[in-house]
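Okay, so here's the structure we're looking at.
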Amino acid sequence: MEGALVARDQVGIQDFVLLDSITSETAFLDNLKKRFNENLIYTYIGTLLVSVNPYKELGIYTKKQMENYMGVNFFELPPHIYALADNAYHTMLTEMNNHFILISGESGAGKTEASKRILQFYAVSCPSTSLLDRARDRMLVSNPVLEAFGNAKTLKNDNSSRFGKYMDIQFNREGEAVGGHILSYLLEKSRVVYQNHGERNFHIFYQLVEGGEEETLRLLGLERNCQHYCYLVQGEGGTLNTVNYKNDWKTMQKALFVLGFSEKETEVRIRPVTLKKVNPIFHSIAEVERYLTAGPGCNKSSIPIVMQYLFGIIGSILHLGNVQFEADSKGYAHPASKAELRWVSKLLGVHVQVLQEALTFKKIEAKTEEVLSPFSVDHAIYARDALTKALYDRTFTWLVNKINESLENKDSTKKTVIGLLDIYGFEVFYVNSEVKNGTLPMQLFIQLTLKSEQEEYEAEDIEWEPVQFFNNRIICDLVEQRHSGIISILDEECMRPGEATDLTFLERLEERLGNHPHFVTHRLADQKTRKTMDRGDFRLLHYAGEVTYCVVGFIDKNNDLLYRNIKDVMHQAKNSIVKHCFPPTEADSKKRPETVATQFKSSLMGLTKILTAKEPWYVRCLKSNEDKQPGRFDHVLVRHQVKYLGLMEHLRVRRAGFAYRRRYEVFLHRYKPLCPATWPHWRGVPADGVERILKHLGYSEDEYKMGRTKIFIRHPRTLFAIEDAYEICKHELAAKIQAKYKGYKVKGEYRKKKEAATKIETCWRGVQARKEREKRAWAVKASEMLRKLHMRLMVRKYVRGITAAQKTQLQLKGLTSELFKGKKDSYPQSVSRPFVDTRLSEQDINMRVLQMIRHERIKYSIPVVKYDRNGFKPRPRQLILTQTAAYLVEEAKMKQRIEYRSLKGVSVSNLSDGILILHVMPDSAKKKGDLVLQCDHLFEAVTKLCVVANKRNIVKVVQGSIKFDIQPGKEGFVDFGSGQEAMAYKAKNGHLMVVSASLWCGCCRC
């Protein structure tokens, strides 16, 4: 409303609440037209949005426009459907309750477009992740699918919704759109078999015939000519320049893929047609487009199985319409040709003879036997059309349920919802053959709007002033009241014994409702009224005018019977969708099916229950003219819509004595500059601050009321005066702000200059210091040269004083470093321990052994523990290294001689143990394998071995486990680990397990 106050003198008034004359329809319409002529199609009545269809693109639905309205106060920007959607969204998040947006108006007024715009806004404005994008895509693409199957061309709209749709968008606590649910009701299934002159069947039939691929049409037995199908030519709807069925077919197919119709169908395995079975799964529109534009392996004729069943049903309906009947000599019906019947049989998956029997005979159950009663031609045509309507209606219900499965969010956490209800009021045709749902929007609006207004006044402790309006409850009761309403009388007439006709139904209405002030028939009317009615008409006096209904067809349409034997046949179908739509429990049930009127009443009652549990928002859509011409505003037509949509009543309810109401915090935040006591900050209670402002401006107490949380202002002129004062005050404040800003800017420039001068001084001092340092650089260089000379002198002195033994020790230690540094845990502790020439003297070695190796010079010897290759029993041994070989000695016995040329390698672990394994080439004579030894001085022994054998690259440090040869062809393993105590034992897996003690325990003596 704040935006409306600023713009009130530019193009009309943005909020009708600010109209001075709230009872003048002329002023209301003049304001609408003034804004319409400037392409301003949206106007508020409080929080209700009025939208006038311009029948042209205005460029007001761009992404930039969406961003402008995100998170903005409802009345801050000009009226827009994005503002309403954003305010509903943020109110839901703040209050954590459920809301719905009721979109109503005539066919062609733009309800479907408004619903799309709201969905698109939530898709862009809500937080986004890959998972949320998937849910968003599925909600968006559900529209083209539902439009294809549920929309059709009517006299007033090329894309009219022929079903009611209520969609819940589910949000989590963070405001992310995580799922949805669609509720459909009252599909106009009679349109499948009959269309009024100038109208068309549902879009899906034309999309399939005109846009379907050649291979698809061939496999469905269809031709690319709508004139060849009886169900598509009855209305003579002509061509549509506003619709491209080929593009719509592609869009609808992509939507089915995204919605999960490509996922595997498991109910029935047998397929009705021979298209290639594929079941890809897609998560986005981009993936679908890549699939449809891929190579031959993924061509467009490769239709997933579920879509095959679905298109098969659509094709079967077209073939059913071409099934004609002839009478035989007895007057019984039989198909004129079986060609079309065979296609129906193939596509539905039922035997052609069984299908023919169901369409030409009625099964009568007489106690224990069944009798087939043949149909006349008229009865056969009725049965055919009844089957067609049931097929399409139940397939549509299945389709909606399938979409709901795709949109379902299985997370059990609490969610809030925003519902979108696309419903129309009613239209005055020359002939009405159905009681429309025009009573619901007005009555629901009255209940919810008055309720919310009264609750607000009571909550704010403001006296409520009653509003005079036409209470449509009397019309609702006339149509829906139990036992005495039109629907109840119609059901009674359909179910009573004897022959019930449309005229007997009219007679019952006259008997039961003849004295009702809002009901009249040709017989009950006065002479003047009779001239405007036929004998089969009755008229209801709605709040929006008189609406006449013709009773012709009421009984048949209300019964809408489908014979039980046809249901049996459909349940046996191999098309899984058809089988699912005709459950066996229905065929077995003896209960009479609900009439159409009862279904209609139940649907509206359920819908009303859903809506009354949520907070309402309203969008009222108006047609600017009947001919869909851009820029043309038809006063008479718009006046009629304003009347039956109850916009004047809504305006009077919203005003109810006070044109403006705002929370104290919002009012104070906007108008606090008007009073010195509240500017720039008010520290007290907001209500006291608002009262100080109003008293400062000189307003009396009868011009406003102080509620508990809101200020109520009675007249628009008072509010305009406050706004004018605010506009003047803004200019004065702007001058003060400019002066403050200029002072701030000058101070900032001074501060910058001072900082720059300080930096320059710092840099200059640095330059001077560096110059001084350069002058003294010779002293630094001299010091560095002296340090190097001293180091060289110390090294030379050390080298000259070293002995041959120390040199050998250093060389050995260097080799040890190359082999083990950084590889074995115990290496650092071994560095400080010097190596010795040998660990055994000649007295320690048996004389017999010395005699055996007397020709070889002993280079090194050390006591070791040798582990048996089988069983790993430890045995003490001596390891003697000579010039040519290594000997393993047990006292006087020479256990094994290993020539250095046959030594393949030495393996040790990376832990602190003393195990080493000598890998040798197999001895073909003795068949001895590798040696597993434990040595207390491992680093010394391995280094000596590498030097004596002249093999420095044979040592391998292994982590975890070492494999060795027990004997040729048989392998053994040594596993290594760490523990508190060093030990070696045979493990259960047959390996030698060596446990190394932690280094801090001091067990390693390497």
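Worth pointing out:
- Between residue 230 and residue 62, residue separation times 0.36 nm minus the direct Cα-Cα distance comes to 56.2 nm.
- Note on residue 725/residue 685: beta-carbon distance plugged into 1/(1 + (r/R0)^6) with R0 of 30 Å gives a FRET efficiency of 0.85.
- Toward the positive end of the charge dipole of the chain, with +1 on the Cβ of Lys and Arg and -1 on the Cβ of Asp and Glu, the farthest Cα among 126, 151, 212 is that of 126.
- Each peptide in 850-862, 761-773 receives the mean, over its residues, of other Cβ atoms within 10 Å, and ordering these scores from highest gives 850-862, 761-773.
- Ratio of the Cα radius of gyration of region 662-793 to 2.2 N^0.38 Å, where N counts its residues: 2.43
- Restricted to Cα atoms, the chain shows a radius of gyration and a Dmax of 47.6, 152 angstrom.
- For the chain, averaging the sequence separation of C-alpha pairs within contact (under 8 Å, six or more residues apart) and dividing by the residue count gives a relative contact order of 11 percent.
- Size estimate for region 729-859 follows the Kirkwood approach: the inverse of mean 1/r over distinct Cα pairs works out to 24.7 Å.
- When region 673-760 is described by a simple charge dipole with +1 on each Lys and Arg Cβ and -1 on each Asp and Glu Cβ, the residue from 709, 748, 729 located farthest towards its positive end is 748.
- Note on residue 665 and residue 473: with the Förster distance fixed at 35 Å, the Cβ-Cβ geometry gives a FRET efficiency of about 0.35.
- Under the span-like rule (Cα at least 27 Å along the axis, Kyte-Doolittle mean at least -0.5), DSSP H helices of the chain: 130-150, 377-407, 439-459, 777-800
- For region 814-958, fraction of C-alpha pairs farther apart than 22 Å, in %: 37 percent
- Kirkwood Rh, Cα atoms: Rg over Rh of region 518-650: 1.11
- Label separation (residue 530 vs residue 173): 7.2 nm, computed from points 7 Å beyond Cα along the C-beta direction.
- For the chain, with +1 on Lys and Arg beta carbons and -1 on Asp and Glu, the positive-most of 680, 335, 382 along the dipole: 680
- Our helix-only sum for the chain, with -39,500 (n - 2.57) per DSSP H run of n ≥ 4 divided by its residues, gives a mean residue ellipticity at 222 nm of -14000 deg cm²/dmol.
- Heavy atoms of the protein chains alone define the surface here; on that basis the chain has 50 Å² accessible area per residue at 1.4 Å probe size.
- Taking 27 Å as the limit for the C-alpha separation, the pairs 156/614; 330/579; 824/951; 33/628; 63/745; 330/574 exceed it in the case of 156/614; 330/579; 63/745; 330/574.
- A straight chain from residue 218 to residue 572 at 0.36 nm per residue would run longer than the Cα-Cα distance by 124.9 nm.
- Separation between Cα centres of region 930-968 and region 314-332, rounded to whole Å: 96 Å
- Full extension of the chain between residue 973 and residue 364 yields a length gain of 210.6 nm, computed as 0.36 nm times the residue separation minus the alpha carbon distance.
- The trypsin sites (Lys or Arg not before Pro) of region 528-616 meeting both criteria, a DSSP state outside H, G, I, E and B (loop) and at most 13 other C-beta atoms within 10 angstrom of the site's C-beta, are 531, 535, 590, 591.
- Distance between region 614-652 and region 344-392 - C-alpha centres, whole angstrom: 47 Å
- Computed magnitude of the charge dipole of region 662-793 (debye, nearest 20; Cβ of K, R +1, Cβ of D, E -1): 1520 debye
- Amide N proximity, region 533-570 versus residue 373 label position 7 Å along Cα-to-Cβ, cut-off under 14 Å: 563-565
- Charges were assigned to the Cβ only: +1 to each Lys and Arg, -1 to each Asp and Glu. The resulting dipole of region 814-958 about its Cα centre is roughly 440 debye.
- Placing +1 on each Lys and Arg Cβ and -1 on each Asp and Glu Cβ, with no other charges, gives the chain a dipole about its Cα centre of roughly 8900 debye.
- Pair residue 744, residue 26: separation of 7 Å Cα→Cβ label points (nm): 5.3 nm
- Counting only the Cα atoms, region 28-162 fills a convex hull of 134 Å³ per residue.
- Average Cα contact separation per residue, region 662-793, under 8 Å, 6 or more apart, as relative contact order %: 18 percent
- Here the calculated FRET efficiency for residue 771 and residue 793, from their Cβ-Cβ distance with R0 = 30 Å, stands at 0.25, rounded to the nearest 0.05.
- Across the accessible surface of the chain, with the other protein chains kept in place and a 1.4 Å probe, carbon and sulfur atoms take up 51 percent.
- Qualifying aspartates and glutamates (Cα of each under 16 Å from Cα of residue 895; at least 8 residues distant if same chain): 868, 923, 930
The values are calculated or read from the model by the stated rules, or taken from the named source; none is laboratory data. Worth saying up front: this structure is predicted, and the values here are computed from it rather than measured. Cβ coordinates were reconstructed from backbone atoms using ideal geometry, including for glycine residues, and neighbour counts include every protein chain displayed. Surface areas here come from the heavy atoms of the whole protein model, side chains and all, with no ligands, DNA or RNA. Shrake-Rupley method; radii C 1.70, N 1.55, O 1.52, S 1.80 Å.
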